[in-house]
Amino acid sequence: MKKALIVTHVSGFVPQFEMNNVHLLQEMGYEVHYASNFNNVSYGTDNRRLDGTGIICHQVDFARSPFQVRAHAVAVRQMKELLQKECFSLLHCHTPVGAALARVAAMSYRKRKKNVRTSDKEIVSEEILKVIYTAHGFHFYQGAPWKYWMLFYPVERFLAGKTDVLITINEEDYQRAKHFCHCKKTKVEYIPGVGIDLDYWGGTDLQSGERKKIRKTIRQELGVADNEQLLLSVGELIPRKNHETVIRALAEEKQKGTKDFQYFICGQGDLKDYLQSLIGELGLSKEVTLLGYRKDIRNLLYAADLFVFPSKQEGMPVALMEAAAAGVPICASDIRGNREILADSAAGTENTRKPEESKKKIFLPEKYDIRNVKMTMERIYKELQ
């Protein structure tokens, strides 16, 4: 059986974002393996979402910081041992650190000899390990700190030459990747993120009036009065997501006399205790609530009056795509990825539609739909077979 290996340095990434690719590979006849640091869970609290998926898991001690050199050396050694043992034909890397270390390890296994036994003789053939890297947002972006360019740009430019297909998820990264790959054999592809089910997030699968019922129920559960505005953010509690800026801004609004709002943040992360303490210090304990990791984001979006997305850096944020597809008013930072989604979202709502379609609001173009993303990924995978 053909074997494919997916690599991320945090173990929650695949069940959160990559299960459509897993299912696609399995449909194509691949045995899917997953290498990650399963002691470093993100987008959830444990690894139980991998149960029953058919994915074969391998522990690799990836470190999150790019500066933990000794830990990286251990991870590269572990990856080499795994590649030698399993003889994968496809390697699909995600997340910057995990992808870099996996590609370094794969350099020794890009071409390898394989003994193929027929009925009467043994033939030595050459098998090539195909490597894909999906860059979920380069760290060297327009306006990024110079140290990011000094550290990440040379690494990505070098490793691009060891990659068969480099997938970018926004237009800025796509143009930059084409530039530094123009003399290489690397094929650069553009896919607008991991894709979402536009029907599901847009609510077209709901019966008439059900969305209003969901909105009322959620607001009652959260204790939001009819005269209060429900503000919602979705994102990890880490510096990059920039939740502190919104919390401080709301504190200023409260001082001005604005009190008819409640702000809810969905997510978990290292800044939980700090943000909770900040909320108390600013006197916002009744107005700002950390909800933790939630599985009912669509319902929360239907209950929201405004979706707030203040992130400092994104590739093609799923949370913002979901909010746009749900038709929630949005206040977002002016950064790569966000600009692309909001521009497309605005264009989508202005499309001229037939009278019988007038009640169907399209908040995102179909290029973001998971079905179109899947077709593109299927083409990429098949071209590498």
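For the range 67-100, taking the residues that are surrounded by fewer than 19 Cβ atoms within 10 Å (Cβ to Cβ) and touching a Lys or Arg at 6+ places or on another chain (Cβ under 8 Å), the one that is modelled with the lowest pLDDT is identified as Cys87. Here Asp197, Asp173 are screened, and the one residue that is buried (at least 19 other Cβ atoms within 10 Å of the Cβ), of a type in the set (Asp, Glu) and touching a strand residue (DSSP E or B) at 6+ places or on another chain (Cβ under 8 Å) is Asp173. Is it the case, given these coordinates, that Gly202 is within 17 Å of the chain's Cα centre (by Cα), within 26 Å of Ile335 (Cβ to Cβ) and crowded, with 20+ Cβ neighbours inside 10 Å? No; evaluated as a whole, the condition is false for this residue. Among the residues of the range 229-251, those identified as assigned to a helix (DSSP H, G or I) and either touching a residue at least 24 places away in the same chain (Cβ under 8 Å) or surrounded by 14 or more Cβ atoms within 10 Å (Cβ to Cβ) (or both) are Pro239, Arg240, Lys241, His243, Glu244, Thr245, Val246, Ile247, Arg248, Leu250, Ala251. Within the range 3-17, residues that are outside the structural domain of Leu129 (by TED's automatic domain parsing) and under 20 Å from Glu236 (Cβ atoms) reach no partner that is among the aliphatic types (A, V, I, L, M) and not in a strand (DSSP E or B) with beta carbons closer than 6 Å at six or more positions or on different chains. Residue count for the range 6-57, restricted to those that are assigned to a strand (DSSP E or B) and more than 18 Å from the chain's Cα centre (by Cα): 6.
Looking only at residues that are among the charged types (D, E, K, R) and part of a loop (DSSP other than H, G, I, E, B) in the range 257-282, which one is farthest from Gly327 (Cα to Cα)? Looking at residues that are among the charged types (D, E, K, R) and part of a loop (DSSP other than H, G, I, E, B), I get Asp270. When the criteria are applied in full, Gln262 fails the requirement of being at pLDDT 95 or above and not assigned by TED's automatic domain parsing to the domain that holds Ala325. Any residue at all in the range 187-197 that's out of contact with any Lys or Arg (no Cβ under 8 Å at 6 or more places or on another chain) and at positive phi? Within the range 187-197, one or more residues are out of contact with any Lys or Arg (no Cβ under 8 Å at 6 or more places or on another chain) and at positive phi. Among all positions in the range 158-166, there is no residue which is at negative phi, touching a His at 6+ places or on another chain (Cβ under 9 Å), modelled with pLDDT of 95 or more and part of a loop (DSSP other than H, G, I, E, B).
Here Ala323 qualifies as touching a helix residue (DSSP H, G or I) at 6+ places or on another chain (Cβ under 8 Å) and either aliphatic (A, V, I, L, M) or crowded, with 16+ Cβ neighbours inside 10 Å (or both). Of the residues in the range 320-336, at least one is within 30 Å of Thr186 (Cβ to Cβ), part of a helix (DSSP H, G or I), touching a Gly at 6+ places or on another chain (Cβ under 7 Å) and modelled with pLDDT of 95 or more. Would you mention how many residues in the range 294-319 are within 24 Å of Val14 (Cβ to Cβ) and in a loop (DSSP other than H, G, I, E, B)? Total meeting the criteria: 9.
Taking the listed residues Lys286, Lys254, the one that is farther than 26 Å from Ile335 by Cα, assigned by TED's automatic domain parsing to the domain that holds Ile214, in a helix (DSSP H, G or I) and touching a strand residue (DSSP E or B) at 6+ places or on another chain (Cβ under 9 Å) is Lys254, with no other qualifying.
With respect to the conditions (1) at pLDDT below 95; (2) aliphatic (A, V, I, L, M); (3) over 16 Å from Gly193 (Cβ atoms), Leu275 falls short on a single one, namely (1).
The values are calculated or read from the model by the stated rules, or taken from the named source; none is laboratory data. Note that the structure is predicted; figures quoted are calculated from it, not measured. FYI the Cβ positions are ideal-geometry reconstructions off the backbone, even for glycines, and counts take in every protein chain you see.
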